[in-house]
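Okay, structure first, notes after.
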Amino acid sequence: LSARNAIAGAVLPPVVIAIRSSRRDLARLLTRVENGQAASELAALYPHTGQAHIVGVTGAPGTGKSSLVNALARRYRREGRTVGVVAVDPTSPFTGGALLGDRIRMRDLSGDPGVFIRSMATRGSLGGLATTTGDVVRMLDAAGFDVILIETVGAGQSEVDIARAAQTTLVVEAPGMGDEVQAIKAGILEIADILVVNKADRPGVENAVRALRAMLDLGHRAERTLHHGRPAKFLAASAGTLPDENSAWQPPIVQTIATGSEGIPELAAQIAAHRVYLLESGVLAAREQAQIEVEIMERLREALLARLLDRADPAIFAALVERVTARTLDPASAARELMARFGGTPEP
Ligand SMILES: Nc1nc2c(ncn2[C@@H]2O[C@H](COP(=O)(O)OP(=O)(O)OP(=O)(O)O)[C@@H](O)[C@H]2O)c(=O)[nH]1
Ligand SMILES: [Mg+2]
């Protein structure tokens, strides 16, 4: 941290100095981020982000994500790298809702000034969980952590959205849980840069690895793009800039025993290799551009909707709902009418 402070010393905004020198300031600011009250601080620190390797860890409940995060964090610390952890799921050990054993394991990390653990306070936070998680990650990035690990329970679109904040995404499976099928359903194989078969000490590991390999061969990654939420007009602006990721990076399958730290060096090596690939191929820059486009669009959508609803007359809205319910008006026409009445003129 001090090295980075020295390099940019003269131009560091106060907020960056604060979060790099005081964990209490960092914690306090993160709470404000979660409450949607830190727009100016986020703006000030944004130029000082972009240094950390952001690693997402997702997978079905109980597959060993927290144990893996713990094992990886300890390994990075031994290498002298600092680690930020963001746990998004409320049942995660980091939130205290966990088994005692998990909390004891976390203790050796939480006393270490080179590790900062943050659990996301609530679902449905202002501006959406994915957006808030992204802002929390940015703040940890600006705070100077070398690696940021984001743990989420992989189940649906929101996890996919959160994974967009990550540069390298690990999808964690465990033998004998039927997770392979789960993964297809949720589409999370599509977001996997590295597949981890944890609990390799349990029976059925070979089957799990074989099933995953078969699925990878079937080309479940074909859909990996980030056009979600990008209108065609703007999509065209960056079309063709995304390299063909599927041919260039084949997601490795790494077997681990998180509780015994086995396979962790191999996993860390694959994570590092993916980082090198991202940088050298230009995929990192291309993905980031795509992510930024999506984020701006989403924030714009939110802002426009908020502005319109702010102006709209609740009585008129209620009347429209009634007409749609009575089948005298269709929903699209109702939305158009609201748009025509309240969305037309820009604010002075
Ligand atoms: N046998 C074995 N047990 C493991 C391994 N990794 C984790 N566990 C155990 O599996 C249980 C769940 O581990 P967690 O790390 O909490 O899993 P998680 O995916 O974070 O769980 P959620 O956050 O609740 O979804 C704990 O009891 C761990 O001790 C492993 O490699 N082998
Ligand atoms: Mg967990």
Would you grab the residues whose amide H sits under 5 Å from the one on V153? Only those 5+ places off in sequence or on another chain, please, with H modelled 1.01 Å from N.
D89
List the residues whose amide H sits under 5 Å from the amide H of T82, counting only those 5 or more places along or on another chain, with H placed 1.01 Å from N in the peptide plane.
D146, V147
Fewest-first ranking of V147, V11, using other Cβ atoms within 10 Å as the exposure measure
V11, V147
As a footprinting exposure proxy, order V171, V321, V153, V137 by other Cβ within 10 Å, with the fewest listed first.
V321, V153, V137, V171
Whose amide H sits under 5 Å from the amide H of I117, counting only residues 5 or more places off or on another chain, with H placed in the peptide plane?
V85
What does the highest-first list of 48-59, 325-336, 262-273 look like by mean Cβ count within 10 Å?
48-59, 262-273, 325-336
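No value in this document is a laboratory result; all are computed from the given coordinates. Since we're looking at a predicted model, the values are computed, not measured. When we count neighbours, we look across all protein chains shown, and the Cβ atoms used for this are built from the backbone with ideal geometry, even at glycine.
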